[in-house]
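Derivation of every value follows stated rules applied to the coordinates shown; laboratory data play no part. Predicted model only: the values in this text are computed from it and were never measured. When we count neighbours, we look across all protein chains shown, and the Cβ atoms used for this are built from the backbone with ideal geometry, even at glycine.
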Amino acid sequence: MAKSYSQIWRVIATHATLLAYSAFALFPVLLIILNSFKDRLTIFSSPFALPDAETFTLDGYQTLSSTAHFELFFLNSFLVTASSLALIVVVSSMAAFALAEYKFSLNFLTGLYLAIGIMVPIRLGTVGILRMMVSLHLVNTLWSLILIYTAQGIPLAVFVLTAFMRQLPRDLKDAARIDGASEYRIYWLTLPLVRPAIGSVLAISMLPIWNDLWFPLILAPGESTKTLVLGAQAFLGEFVNDYNAVLAALTLAILPPVLLYFVFSRQLIRGITAGAVK
Amino acid sequence: MRKRRFVRVHILVFLAPALLIYTAFMIYPLFDSLWLSVNNKSATASQIFVGIQNYQTLFSQEQWSKPFWNALRNNAVFFVIHMLVQNPVGLLFAALLGTRIRGNSIYRSIIFTPTILSVVIVGFVWKLILNPAWGISRSVLATFGLSVLDHPWLGLESSALVTLSLISVWQNIGIPMMLFLAALIRIPEELVEAARVDGAGVWKIFWKIQFPLILPTVGIVAVLTFVGNFNAFELIYATQGALAGPNFASDILGTFFFRTFFGYQLQPADPFMGSAVAGIMLLIILTGVLIYLFGWQRRLQQIQF
């Protein structure tokens with residue numbers, strides 16, 4: 001009896017701890033979103049109140065749409081993220097197929113060579129990257145970002161996909177070979193079988209690309225190539241004192257990753273653990 | 001013979017795109033940076049080999065060495081705070097969620113939410129909350145009777161770095177939590193159950209059974225924290241600007257590197273010194289990774305076998 005009593009207390013304490021921290025994790029985000037819909041006076045006088053008919057306003061969003069090209073920034077972020085992810089998946093799955101499927105003398109070394117990129121941040125080569133992009137005339141183009149993010153995403157993607165492809169049964173592929181399928185065809189046939197792994201790769205590669213500030217700031221700071229994060233950063237710096245506008249910009253910047261997270265959370269969790277544990 | 005050759009071409013075709021992009025846009029620029037770090041401008045040529053002179057300048061000339069050591073020291077503090085706060089608290093949450101308490105997946109998602117946001121947003125959100133002009137932190141602290149803690153935390157030289165470290169902890173705590181949780185869940189239920197039948201308490205089960213079994217993950221979390229922290233930049237830049245104020249109190253290697261190679265306000269861009277700073281950062285990160293690979297993982301393997 002005494003034992004179950006202490007068990008109940010333990011459960012209550014666990015819930016209390018997790019609830020308290022959950023509130024702490026969500027509070028800042030909710031506060032921003034909530035206040036972005038209130039008029040300036042109410043933001044200051046009662047920051048914790050919900051917006052009502054009297055205090056509700058879209059002033060901030062109006063300032064936003066009239067001064068910054070957020071649709072363009074959003075489109076840029078989308079193009080960069082989607083193109084990089086597509087490239088990462090295509091080239092990494094090909095490389096992973098080769099590493100998982102064939103025995104060749106440089107197999108281990110190739111894996112090791114790619115592993116450097118998992119541990120060394122690509123950022124440390126920024127001086128070289130900037131120099132190269134200048135000479136290729138790719139500064140202030142979305143291509144500069146796409147190429148860098150693809151290079152950055154390849155090592156971990158190859159790593160996760162190779163581990164998955166090694167687990168595929170041999171019989172299937174050998175049967176296809178006997179039927180006369182080419183190696184390219186076999187690669188194409190294995191892709192649907194590693195769909196969960198591709199999902200994980202997409203999920204873990206997506207947010208670092210979408211959220212990056214460093215490379216957009218250095219390689220593509222021009223008005224027409226700004227990503228959403230860089231655009232938000234510039235806008236926030238400029239409109240520091242216009243709380244309506246700042247809160248609206250923050251809310252708009254918060255929404256896309258949160259939506260992506262809700263869609264991809266299962267793959268994301270699997271990807272994080274698969275990428276780091278193996 | 002012919003067939004074998006055929007297969008090799010396939011392998012090349014499969015590997016080439018990934019290896020080419022990776023080599024051209026990651027490995028080559030890294031080596032190019034290292035090469036630039038042993039070069040400098042001269043009176044006659046735009047680039048001339050100078051050996052380790054840039055590194056000597058960085059360590060010995062006061063205009064370079066003072067901000068460099070300041071950034072390195074601050075970065076070490078930044079890292080230590082993550083190790084002392086983020087990882088133990090992340091482990092605590094993982095252990096609590098690992099008890100399969102009702103609603104654990106909801107708690108997990110909520111605690112992970114800040115991690116998915118851009119550092120720029122997180123930095124600015126906290127900047128607003130801590131800004132005395134809005135007064136959010138003041139009223140929240142007052143509700144809990146903690147008005148003594150009401151300070152402009154980001155504006156004081158003494159507290160800016162610690163505050164920023166804690167904001168970063170707030171954002172990233174979801175990562176160690178997820179990794180620890182995944183490791184805890186993999187421990188066979190029978191092991192824990194057997195200990196429980198033998199009368200071991202929760203505390204004892206955790207430290208004697210679960211914790212030793214997740215030691216590999218402890219190492220991974222530590223090295224990920226190390227690499228992440230020693231190349232951090234965004235949070236400081238977003239909240240304090242590239243000058244990492246007040247008076248460089250929150251300057252870390254990432255912001256120092258940025259100002260050096262990109263230039264900022266009165267400071268001209270210097271790709272050669274910037275590369276040297278990157279070279280030092282690379283050395284620091286490699287040292288951490290090697291200590292992990294050969295110190296931690298080796299030792300764990302010895303224990304296991």
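Here the peptides A:35-46, B:135-146 are ranked by packing, the mean other Cβ count within 10 Å, and the order with the highest first is A:35-46, B:135-146.
The distance separating the Cα centre of the stretch B:78-137 from that of the stretch A:124-181 comes to 32 Å.
For A:Lys38, the residues whose amide H sits under 5 Å from its own are A:Thr57, ignoring neighbours fewer than 5 places away on the same chain, with H placed 1.01 Å from N. When the charge dipole of the protein assembly as shown is built from unit charges on Cβ atoms (+1 for Lys and Arg, -1 for Asp and Glu) and taken about the Cα centre, the candidate among A:Leu41, A:His15, B:Val221 whose Cα reaches farthest toward its positive end is B:Val221.
Dipole of the protein assembly as shown, Cα-centred, from +1 at each Lys and Arg C-beta and -1 at each Asp and Glu C-beta, to the nearest 20 debye? Please list the in-between numbers first.
Numbers: 37 positive and 25 negative charges, 446 e Å.
Result for the protein assembly as shown is approximately 2140 debye, rounded to the nearest 20.
Scattering from the stretch B:92-220 was approximated by placing one identical point on each alpha carbon and applying the Debye formula without solvent; log10 I(q)/I(0) at 0.09, 0.11 1/Å stands at -0.41, -0.57. With unit charges on the beta carbon (Lys/Arg positive, Asp/Glu negative), name the residue among A:Val29, A:Ile198, A:Phe70 whose Cα is farthest towards the positive pole of the charge dipole of the protein assembly as shown. So the residue furthest toward the plus end is A:Ile198. Think of it as helices only: each DSSP H run of n ≥ 4 in chain B is worth -39500 (n - 2.57), and spread over all residues that comes to -20500 deg cm²/dmol at 222 nm.
Work out, step by step, the length gained on full extension between A:Ser105 and A:Glu71: first 0.36 nm times the residue separation, then minus their alpha carbon distance; give nm to one decimal.
Full-extension gain reported as 7.2 nm.
Go ahead and run the numbers for FRET between B:Ser158 and A:Asp171, Cβ-Cβ distance against an R0 of 56 Å, rounding to 0.05.
With a Förster radius of 56 Å, E is 0.25.
Largest first, the three principal axis extents of the alpha carbons in the stretch B:66-304 are 69, 49, 27 Å in whole numbers.
For the stretch A:54-149, the Cα-based Rg and Dmax, in that order, read 20.3, 73 Å.
Can you give the charge dipole size of the stretch A:2-60 about its Cα centre, rounded to the nearest 20 debye, using +1 on the beta carbon of Lys and Arg and -1 on the beta carbon of Asp and Glu?
Details: 4 positive and 4 negative charges, 104 e Å.
Using Cβ point charges on Lys, Arg, Asp and Glu, the stretch A:2-60 gives about 500 debye.
Toward the positive end of the charge dipole of the protein assembly as shown, with +1 on the Cβ of Lys and Arg and -1 on the Cβ of Asp and Glu, the farthest Cα among B:Pro67, B:Asn54, B:Gln267 is that of B:Asn54. The alpha carbons of the stretch A:2-60 stretch over 58, 18, 15 Å along the principal axes, in descending order. With θ taken as phi - 60° and the Karplus curve 6.51 cos²θ - 1.76 cosθ + 1.60 applied, the whole-hertz 3J(HN,Hα) list for the stretch B:68-78 is 5, 5, 4, 5, 5, 4, 4, 5, 5, 4, 3 Hz, x standing for glycine and proline. Given a Förster distance of 22 Å, report the FRET efficiency between B:Gln297 and B:Leu84 from their Cβ-Cβ distance, rounded to the nearest 0.05. That gives a FRET efficiency of 0.45. For peptide B:30-40, the mean count of partner chain Cβ atoms within 10 Å of a residue's Cβ comes to 3. Relative to the Cα centre, the charge distribution of the stretch A:24-151, modelled as +1 at Lys and Arg Cβ and -1 at Asp and Glu Cβ, gives a dipole magnitude of about 600 debye. Comparing B:Phe272, B:Phe93, B:Phe25 in a Gaussian network model of chain B where C-alpha atoms under 10 Å apart are linked, the largest mean-square fluctuation is found at B:Phe25. Springs join every pair of Cα atoms under 10 Å in this Gaussian network model of chain B, and among B:Trp134, B:Trp170, B:Trp126 the largest mean-square fluctuation is at B:Trp134. The calculated pair-distance distribution of the stretch A:62-277 uses every alpha carbon pair, bins of 10 angstrom beginning at 0, and gives 8, 29, 30, 21, 9, 3, 1, 0 percent. The phi torsions of the stretch A:34-46, fed into the Karplus equation with coefficients 6.51, -1.76 and 1.60 and a -60° offset, translate into couplings of 4, 6, 5, 9, 10, 6, 4, 4, 5, 4, 8, 6, 9 Hz, rounded to whole numbers, with Gly and Pro shown as x.
Note on the protein assembly as shown: the C-alpha convex hull projects to 33.3 nm² when averaged across all orientations.
Counting Cβ atoms of other protein chains within 10 Å of each residue's Cβ and taking the mean over peptide A:27-38 gives 3.
Each residue of the stretch B:116-124 is assigned a 3J(HN,Hα), and the resulting list reads 7, 7, 5, 4, 4, 5, 4, x, 6 Hz, derived from the Karplus form 6.51 cos²θ - 1.76 cosθ + 1.60 (θ = phi - 60°), x at Gly and Pro. Remark: mean inter-chain Cβ contacts per residue of B:120-131 equal 6, using a 10 Å Cβ-Cβ cutoff to other protein chain atoms. Less than 5 angstrom separates the built amide H of B:Asn39 from those of B:Val50, all sequence-distant by 5 or more or on a different chain.
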